[in-house]
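Take a look at the structure set out below.
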Ligand code: UT7
């Protein structure tokens, strides 16, 4: 059976740069603290009139061009985001309208920072069961819309960005060998936007209490992130009948350099340059977009050789976690 492959990728960053020095002026923090604790130097912030759907649309156009298909060949649009334009309708539908594609299904996936890996799993299954031919995956986040810029523990971390890819059954591409997904809802309160949903609809009180912003217990999340991404990586490797030493490139969720380094300890055979870190330095934590942006950058640097294996791993609110093994074919 032919396996599903990623045949094209894209990304988009808003223009405005928010540096650590900019944050130093507004908050009790320092460039030194942010760099040593997280690795982050700067992040991007979307314009006031630039939305998750706009960024996702631009990343999608690049992925469609890279895949060398016509947009009308897309028959499913999956959008991973925790910052949709609206609670409903879905951002996938808004992007469908912008792309002006007629015969396509459209669905949002809410798996926080693991959303891209969750979307890969769903796309792989739908393509390999011959239900759809060309699935457009988009991950897009306007995290600046839910970050409290008076809270130094979260304001320093997040950035806005989008990525996209096309999953299809062609001869060449990045074959999706395996995807492992997991969840742990017992820890939901450790990373949460408490208001805005049906449990705490918007009221003056929810706004006054700043309940529409991200709230995170950073130290706890850190520990779970390392443990769960290592566990998910081992599961995805075993599903693909591979060992850690068979991996040529490691793309961990770009949330924090120290988390990336902790995961990298399990892959001691890999040289430093084979462990992707560029996104966290320049763009901060872009949630669902992070691993997709990293894959797009690595792919376009033309460094991945035929038959090399790439391991993606991510972790996010929920908790959700997941890993995927890709192999370059052709
Ligand atoms: O994408 C989804 C998953 N999210 C993550 O993976 C994030 C996981 N967590 C982290 O990356 C880290 O926990 C943080 C970067 C958020 C925080 O780093 P930490 O090393 O865990 O710091 P901490 O929370 O233990 O705080 C250490 C100290 C505290 O001061 P005291 O209590 O020791 O006096 C904080 O108040 O650092 C203080 N602090 C800051 N100082 C300067 C917290 N934020 C800042 C700040 N600047 N921005």
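Residues that are at pLDDT below 95 and not assigned by TED's automatic domain parsing to the domain that holds residue 62: does segment 288-298 have at least one? No, every residue in segment 288-298 fails to be at pLDDT below 95 and not assigned by TED's automatic domain parsing to the domain that holds residue 62. Given the residues 136, 126, which is the only one that is assigned by TED's automatic domain parsing to the domain that holds residue 9, in contact with a strand residue (DSSP E or B) (Cβ under 9 Å, 6 or more places away or on another chain) and surrounded by fewer than 24 Cβ atoms within 10 Å (Cβ to Cβ)? 126 is the lone residue from the list that is assigned by TED's automatic domain parsing to the domain that holds residue 9, in contact with a strand residue (DSSP E or B) (Cβ under 9 Å, 6 or more places away or on another chain) and surrounded by fewer than 24 Cβ atoms within 10 Å (Cβ to Cβ).
Of the helices (runs of 4 or more DSSP H) lying entirely inside segment 231-330, those containing at least 2 residues that are crowded, with 24+ Cβ neighbours inside 10 Å are 278-283, 290-300.
Of the residues examined, residue 37 is one that is more than 18 Å from residue 14 (Cα to Cα) and touching a helix residue (DSSP H, G or I) at 6+ places or on another chain (Cβ under 8 Å). Looking only at segment 64-86, residues that are touching a helix residue (DSSP H, G or I) at 6+ places or on another chain (Cβ under 8 Å) and in a helix (DSSP H, G or I) come to 2 in all. Taking segment 247-261 as the range and being more than 11 Å from the ligand (Cβ to nearest atom) and over 14 Å from residue 323 (Cβ atoms) as the test, the residues that pass are 248, 261. Filter segment 145-159 for residues that are over 13 Å from residue 289 (Cβ atoms) and either within 19 Å of the chain's Cα centre (by Cα) or crowded, with 19+ Cβ neighbours inside 10 Å (or both) and give the result. Matches in segment 145-159: 145, 146, 147, 154, 155, 156, 157.
Yes or no, residue by residue, for (1) within 16 Å of the ligand (Cβ to nearest atom); (2) loosely packed, with under 12 Cβ neighbours inside 10 Å:
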| position | (1), (2) |
| --- | --- |
| 166 | no, no |
| 173 | no, no |
| 177 | no, no |
| 193 | yes, no |
| 197 | no, yes |
| 203 | no, yes |
| 211 | no, no |
| 215 | yes, no |
| 224 | yes, no |
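Scanning segment 285-297 for residues that are more than 10 Å from the ligand (Cβ to nearest atom) and touching a residue at least 60 places away in the same chain (Cβ under 8 Å) turns up 289, 291, 292, 293, 295, 296, 297.
The values are calculated or read from the model by the stated rules, or taken from the named source; none is laboratory data. These numbers come from a predicted model, not from an experiment. Positions of Cβ are backbone-derived with ideal geometry, glycine not excepted, and every protein chain shown enters the neighbour counts.
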